[in-house]
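Novice: Structure in structure tokens, see below.
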Amino acid sequence: MTNLKPNAAEIKENLEIKLSRFFGCTSAEASKEQLYKATAMTVRDILTEKRGNFKKKVNQTGGKRVYYMCMEFLLGRSLKTNLCNLGLDKDYEEALSAMGYTLEDLYTCEPDAGLGNGGLGRLAACFMDSLSSLDYPATGFSICYEYGLFKQKIVDGIQVELPDVWLPGGDVWLVPRTDRVFTVRFGGRVHEEWKPDGRMEVIYEGAEELEAVPYDMMISGSDSEGVSRLRLWKARSIQNFNMGLFSQGQYARAMEEATNADAISKVLYPADNHTEGKLLRLTQQYFLCSASIQSIIRDHMSVYGTLDNLADKVAIHLNDTHPTLCIPELMRILVDEYFYSWDRAWEMVKEIFSYTNHTVLPEALETWNEDLFRLKLPRIYDIIKEINERFCREAWQVFPGNWQRISKMCVVGYGQIRMANLAVIGSHSVNGVSKLHSTILKDSVFKDFYRLYPGRFDNVTNGIAHRRWLCYSNPKLAGLLDETIGTGYRKNPVELAEFAKFADDPTVLERFRAIKHENKENFSNHLYRRAGIRLDTHAVFDVQIKRLHEYKRQLLNALNIIGIYLDLKDNPDLDIRPQTFIFGAKAAPGYQMAKRIIQLLCMLQKEINNSPRIREKLNVVFLENYDVSTAEILVPSADISEQISLAGKEASGTGCMKLMMNGAITLGTLDGANVEMQAAAGEENMFIFGLTAAEVEQLWLRGYRSVEFYSNNNRLGRIMAALNIGFGGESFADITTYLLGGAYGIADPYMCLADFESYRLAHESCIKAYGDRARWTRMALLNTAASGHFAADRSIREYADRFWHIKPIH
Ligand code: 26Q
């Protein structure tokens, strides 16, 4: 039995035991890294014990469980969250200080678990935190990638990708469960054989078999009994080794099978909002789905001994279409292995699955080549064909004769397998991640499906783990909140609204302002240590942190910066407020335009840095390797939050919520969650500009001619000329061509120039407002107060009540 609430003396003793057992040393001899590992191991023991207790309770009460399927979990570091959530941070601090260390020292030893690209993966991680904090019985499933999202190096302004080796140091949280291994099958041929007892048997010939080995990570809730489990699968070949070949001296061939398996859990695909129809990605997806569904079935059978009540006890959530093969995989197991009739199995499947869509960009909608699919997954292919045929018959009843419409909705068509259609057809609920996005899904992407299944479509606006992103990463602001509104908001984030009562209290405002300044100092010190860059903390911190994508329009921000730069070049004495533009962004390795935009930002940074007089007023900083841990330091220090995507393109955004909660003011378009943030905080507390989603649609239909916006605008003319000449010795004439349209006049589909003037003006008013410190601080405080709605606790309750039908286990 592990003590769940050890005191400092007991913690010290536990640490000495771990150090001696695993490193053969005492705390006096241990390195910081060894002490970090020993600390993490003791916390892992507590988590495992707590999880055991929780699981027992779930089994006794027979509560329904949710399984969250996702190809990505962007966890970041775990030690701090776990200690804080377990309420053990003070005792550990005391124990460690006796050894000459602080917790902060140890936190930085932990590598980020970067098993995700961006928003979707971080959302999954935030949801795990809320699930356990609210005592819902939950398991997340994903892949234990050996390398997470690449590490970004900037060399002469160009992004270079390096492998992200996270496991040495990150592995302390993983508990291998070699007793829970499953087999996953690929390729070969299948045929059906009818047995004398009337059952059908599926015979596989020549299939490749791999093993899926689970590594479990425990995620504790805060002030709760719940502990969620994140089960990450590693692939390994069954015959690690072909002894026959080896004996004949063919060593290399003997190893071949092992390498194939290794590739599956080797590396995360680094594309965000973009699909690549690569065979390895399909293999990864099915590997995740098959292993997880088998694991769910095994768990269920061990408690209930039958699958008849599966739909009453199990909810499975598909986080985007990436794990959609869970649907045919569950059909396969129910029909082929447990001999349920097709109809019965299909009813169960629809009750069990729910699906969230995270994007409307057409290039991100997943499709697979039918031939490739059939070769790799022959049985799953047959099942999908059957689902498709039955669906077409059903749709025919509703839209008789309307083949055009049905062919758009079906799963298999034009040689492609369409994952989004499969996810909609096989789930009882489909949701978008902000009100605007969910409306767009009903009106356009899934318009026909919405006519067929109107009750299936819903919205759950995203939310963030407010304990991580406010309480733990901004302890000073959390302290002020504790003093003013009490600590209730930690458990119940809507109580943040109480903070609005202090919007006119000069003492609270002054403390709020001082905290922001201290956080800016803190970030600036961090940047100095990391990159040798010193920032003026009295300058406005204007922050755009997110993946680099054309639709997110980092380029629009850059154009405005160039404008300011040209003004200052003309007149270095210009009286403007010092502004520091901070960017953090990774580009998908094959995404050339995104990489060019990074280069533009870096070259601007370089050129401005070389002009001492301009540098005092205008600064550009491109952060190398922006990740979760960097965000935790930067977000509390931001003054302005740039959320400037073309309206209708950003499904929700979650960075916007983190920044809002920490008192940054949004400068944004009416896109994604910005719309709801504005409704919550009040129009007067945000800076909104640009075309609305409806206006974008109209302009698109009419034909976007960027030249119209350019020829009427002198400033833009100068900016384009400057781009042509270039910065830091590099011309960006290709970007001018992109913005204005090349030989065929096809210009930037994200319409930067259409929104430029309104962006520039909004930015100007924003900077002006910053000059009025009392007004600004009041606005910032009201943003924090209005941010409670954007906590993941609220999102998770909505999912639990509306889609999963699960209850907390207290
Ligand atoms: C698909 C197939 C093959 C390879 C890669 C992919 C792939 C991987 C990641 C496709 C998309 C993603 C990630 C998408 C994503 O992060 N979307 C974001 O989700 C957030 C959470 O809901 C939203 O807030 C953002 O608006 C949305 O862009």
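A short reminder: the numbers here are calculations on the coordinates, not readings from a lab. Every value quoted in this text rests on a predicted model; they were computed, and no experiment measured them. Every residue, glycine among them, receives a Cβ derived from its backbone with ideal geometry; neighbour counts consider all protein chains shown.
Novice: As a quick test, which of the pairs Lys491/Lys658; Lys552/Lys617; Lys55/Lys80; Lys278/Lys376; Lys50/Lys80 have an alpha carbon distance above 19 angstrom in this structure?
Specialist: Details: Lys491/Lys658 17 Å; Lys552/Lys617 26 Å; Lys55/Lys80 24 Å; Lys278/Lys376 12 Å; Lys50/Lys80 17 Å.
Among Lys491/Lys658; Lys552/Lys617; Lys55/Lys80; Lys278/Lys376; Lys50/Lys80, the Cα-Cα distance tops 19 Å for Lys552/Lys617; Lys55/Lys80.
Novice: Going by the alpha-carbon gyration tensor, a ≥ b ≥ c the square roots of its eigenvalues, is region 1-127 rounded (a/c under 1.5) or, if a/c is not under 1.5, prolate (a/b greater than b/c) versus oblate?
Specialist: Oblate, since a/c reaches 1.5 and b/c is not below a/b.
Novice: Using the Cα centre as the reference, give the magnitude of the dipole from point charges on the C-beta atoms of the chain (Lys, Arg: +1; Asp, Glu: -1; all else neutral), rounded to the nearest 20 debye.
Specialist: Roughly 240 debye for the chain.
Novice: Shifting gears a bit: Compute the signed sum of charges (Lys and Arg +1, Asp and Glu -1) over the other residues within less than 14 Å, Cβ to Cβ, of Met779.
Specialist: Net charge around Met779: +1.
Novice: Let me check I've understood the local charge: for Leu280, count other residues with C-beta under 12 angstrom from its C-beta, Lys and Arg +1, Asp and Glu -1. What total comes out? Please list the in-between numbers first.
Specialist: Working: positive: Lys266, Lys278, Arg281, Lys376; negative: Asp262, Glu276.
For residues surrounding Leu280, the net value is +2.
Novice: Still on this structure: Please work out how much length the chain gains when fully extended from Lys5 to Asn712, using 0.36 nm per residue of separation minus the C-alpha to C-alpha distance, in nm with one decimal.
Specialist: 247.7 nm
Novice: Another one. Equivalent ellipsoid semi-axes for region 329-394, as square roots of 5 times the alpha carbon gyration tensor eigenvalues: give them largest first, rounded to whole Å.
Specialist: 23, 17, 12
Novice: Treat every Asp and Glu Cβ in region 119-207 as -1 and every Lys and Arg Cβ as +1, leave all other atoms uncharged, and give the resulting dipole magnitude about the Cα centre to the nearest 20 debye.
Specialist: Rounded to the nearest 20 debye, it is 40 debye.
Novice: Could I ask something else about it? Looking at the chain, what % of its DSSP beta bridges pair antiparallel, to the nearest 5? Working shown, then result.
Specialist: Values: 39 of 85 bridges.
In the chain, approximately 45 percent of DSSP beta bridges are antiparallel ones.
Novice: Let me ask another. What would the Debye formula give as log10 I(q)/I(0) at q = 0.13, 0.14, 0.19, 0.22 Å⁻¹ for the alpha-carbon point model of region 101-193, no solvent?
Specialist: Ignoring solvent entirely, the Cα scatterers give -0.73, -0.82, -1.19, -1.30.
Novice: Would you mind getting me the FRET efficiency between Ala28 and Glu146? Use the beta-carbon distance for r and R0 = 35 Å, nearest 0.05. The partial results should precede the final answer.
Specialist: Values: r = 35 Å, r/R0 = 0.99.
According to the calculation, E is roughly 0.50.
Novice: Could you rank the peptides 308-316, 209-217, 447-455, 287-295 by their average count of other C-beta atoms within 10 Å per residue, with the highest value first? Spell out each step's value before the answer.
Specialist: Working: 308-316: 19.0, 209-217: 20.8, 447-455: 15.3, 287-295: 24.8.
Ranked by mean Cβ neighbours within 10 Å, highest first: 287-295, 209-217, 308-316, 447-455.
Novice: If you don't mind, another one. Sequence neighbours fewer than 8 away in the same chain don't count; with that in mind, list the lysines whose C-alpha is under 23 Å from Lys56.
Specialist: Lys5, Lys64, Lys313, Lys807
Novice: Counting Lys +1, Arg +1, Asp -1, Glu -1, what net charge surrounds Asn14 among other residues with beta carbon under 14 Å of its beta carbon? Write out the running numbers ahead of the final one.
Specialist: On the way: positive: Lys5, Lys12, Lys18, Arg21, Lys37, Arg44; negative: Glu10, Glu13, Glu16, Asp45, Glu49, Asp91, Glu94.
With Lys, Arg at +1 and Asp, Glu at -1, the neighbours total -1.
Novice: Shifting gears a bit: Given the options Ala693, Tyr204, Pro636, identify the residue whose Cα lies farthest towards the positive end of the charge dipole of the chain (+1 on Cβ of Lys, Arg; -1 on Cβ of Asp, Glu).
Specialist: About the Cα centre, the residue reaching furthest to the positive side is Tyr204.
Novice: Here's another thing I want to ask about it. Expressed as cubic angstrom per residue, what is the convex hull volume of the alpha carbon set of region 359-487?
Specialist: It comes to 164 Å³ per residue, whole-number rounded.
Novice: Using packing as a proxy for protection, rank 183-195, 679-691 so that the peptide with the highest average count of other Cβ atoms within 10 Å comes first.
Specialist: Packing proxy ranking, top to bottom: 679-691, 183-195.
Novice: Work out from phi, with θ = phi - 60° and the Karplus expression 6.51 cos²θ - 1.76 cosθ + 1.60, the ³J(HN,Hα) of each residue of region 563-580, listed in order in whole Hz, and give x for Gly and Pro.
Specialist: Values, residue by residue: x, 5, 4, 5, 4, 6, 5, 4, 9, x, 8, 3, 8, 10, 6, x, 10, 10 Hz.
Novice: If you stretched the chain out fully between Glu161 and Trp700, how much longer would it get, using 0.36 nm times the residue separation minus the C-alpha to C-alpha distance?
Specialist: Extending this stretch completely gives an extra 190.5 nm.
Novice: What distance in nm separates the simple spin-label points at Arg390 and Asn309, each placed 7 Å from Cα in the Cβ direction?
Specialist: Label at Arg390, label at Asn309, 2.5 nm between them.
Novice: Same structure again: I need the calculated FRET efficiency for the pair Glu518 and His810, taking r as the beta carbon distance and R₀ as 35 Å, to the nearest 0.05.
Specialist: The computed FRET efficiency comes out at 0.35.
Novice: Hey, another quick one. Along Cα→Cβ, 7 Å out, is where each label goes; now give me the distance between the ones at Ser765 and Asn260 in nm to one decimal.
Specialist: Here the modelled spin labels are 6.3 nm apart.
Novice: Starting from the Cα of Trp194, step 7 Å along the direction of its Cβ; do the same at Glu104; then give the gap between the two resulting points in nm.
Specialist: That separation, rounded to one decimal, is 7.5 nm.
Novice: Strictly over 18 Å apart at the Cα level, which of Lys385/Lys408; Lys476/Lys516; Lys234/Lys385; Lys37/Lys476 would you flag in this model?
Specialist: Too far apart for the 18 Å limit: Lys234/Lys385; Lys37/Lys476.
Novice: Another one. Using only the alpha-carbon atoms of the chain as identical scatterers, what base-10 log of I(q)/I(0) does the Debye formula give at q = 0.05, 0.06, 0.07 Å⁻¹?
Specialist: Computed log10 I(q)/I(0) values: -0.27, -0.40, -0.55.
Novice: Taking only DSSP H segments of four or more residues, each worth -39500 (n - 2.57), what value at 222 nm results for the chain once the sum is divided by all its residues, to the nearest 500 deg cm²/dmol?
Specialist: Only helices count here, giving -14500 deg cm²/dmol.
Novice: If you don't mind, there's one more thing I want to ask. Going by average Cβ neighbours within 10 Å, how do the peptides 786-794, 121-129, 627-635 rank, with the highest at the top?
Specialist: Descending packing order for the listed peptides: 121-129, 786-794, 627-635.
Novice: Using amide H atoms built 1.01 Å from N in the peptide plane, name the residues 5+ places from Tyr750, or on other chains, whose amide H lies under 5 Å from its own.
Specialist: Amide H neighbours of Tyr750: none.
Novice: Set Lys and Arg Cβ to +1 and Asp and Glu Cβ to -1, take the dipole of the chain about its Cα centre, and tell me which of Leu35, Gly169, Thr48 lies farthest positive.
Specialist: It is Thr48.
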